[in-house]
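This report refers to the structure that appears directly beneath it.
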Amino acid sequence: MSPWSINSPGADINIGIGTREVAVGPRRPRWTPARKATSCAGPRSMPMPETQWFTQAGAFDALRAALEPAPDSVVPQAPCRTRGAHIVLDDFWGNHAVLRGDFRTLRAREIDEIARAHFVDTYGVDGETIVVRACVQRGGRATFASALPRALVDGMGEAGAAAGARVLALKLCLPEMLNRTLHRMPSANALIVFAADALIQAVLIEAGCWAGYDVQRLFAADVCDPAQVTLLAEQAFERCVERTTLRREDCALGFYGCGIAVDLAALQARFASVTTLAPPNACPELEGGESFARHLLEYAQ
């Protein structure tokens, strides 16, 4: 999936924008193994005030604060050097869609406009207020499209620039999670469910091709109730499968739960198989009630 590229490549920090917190960490060079530390400095988090949770203003303020030099830093800052930043946002901040059709002869700009029209019709927004990106699947019969508010994209760039950070890439998390988990599914027919922070998202795969997308809000009571999360996953399948020939008993399910439990036994009784797609660090910080922002740093790498 393509990020929103804003400037030339090359970056030295990763940023995760959650719904209640912003995390900033050092960027690992491509040739350095993930298990080997490249800096004595670890990730730095900046929580948003509760009154600013889920707001753009809260995200901008927390980003500016997170990018400020640490008070106890002993390393002098180089004011003349502009840092590069790769930002990954919680999917709460944007929208996704799987569009099906024949895209084989269309240009990239035409596909983007089709995606834009979809988001305008679905959400009733002004097309000029969103930034859209679309990725056509091999074979040209399906497109995975994403949209972000233009005000959010511009605000991220301005907040970064004010702190001496140039935004090199800006992307939502779901496409990255898909890229890293799809190959682990044992069947060409599958429902991949991602439950993290404020959303439960599902992508349906039919014969190896994108077939549908669904998203539902996760509330605090849902996160603590495995039966409710299981029910939401089943409802997602029913909505995604409407225009396909798939049956539940022929479909594999992959569940990615970051700090969120699900009744796997109930799902195993309804689907052909169930695969647990554990995130890279298993989100241990979420067990203490913290936000998803630190985990987003892994997808910015």
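Computed on protein heavy atoms with a 1.4 Å probe, the accessible areas place 183, 118 in the order 183, 118, largest first.
With Cα atoms as the point set, the radius of gyration and Dmax of the range 170-301 evaluate to 14.0, 42 Å.
Using a probe of 1.4 Å on the protein chains alone, the accessible area found for residue 255 is around 10 Å². Summing charges over all other residues whose Cβ lies under 10 Å from the Cβ of residue 16, with Lys and Arg as +1 and Asp and Glu as -1, gives -2. For the range 139-268, DSSP calls about 70 percent of its internal beta bridges antiparallel.
Scoring 49-59, 138-148 by mean Cβ neighbours within 10 Å over their residues and listing the highest first yields 138-148, 49-59. For the range 173-235, the share of accessible area belonging to carbon and sulfur comes to 59 percent (1.4 Å probe, ligands and nucleic acids excluded). Take the alpha-carbon centre of the range 93-107, take the same for the range 164-200, and report the distance between them in whole Å. Computed from Cα coordinates, the inter-centre distance equals 17 Å. Ranked by the mean number of other Cβ atoms within 10 Å of their residues, highest first, the peptides 231-240, 189-198 come out as 189-198, 231-240. Report the local net charge at residue 117: Lys and Arg +1, Asp and Glu -1, summed over other residues whose C-beta lies under 14 Å from its C-beta. Net charge in that neighbourhood comes out at -4. Sorting the segments 260-270, 119-129, 202-212 by their residues' average number of neighbouring beta-carbon atoms within 10 angstrom, most packed first, yields 202-212, 260-270, 119-129.
The values are calculated or read from the model by the stated rules, or taken from the named source; none is laboratory data. Note that the structure is predicted; figures quoted are calculated from it, not measured. Here Cβ is always computed from backbone atoms with ideal geometry, including for glycine, and neighbour counts include all displayed protein chains. Ligands, DNA and RNA are stripped out before the accessible areas are found, and what is left, the full protein with its side chains, is counted by its heavy atoms. Shrake-Rupley method; radii C 1.70, N 1.55, O 1.52, S 1.80 Å.
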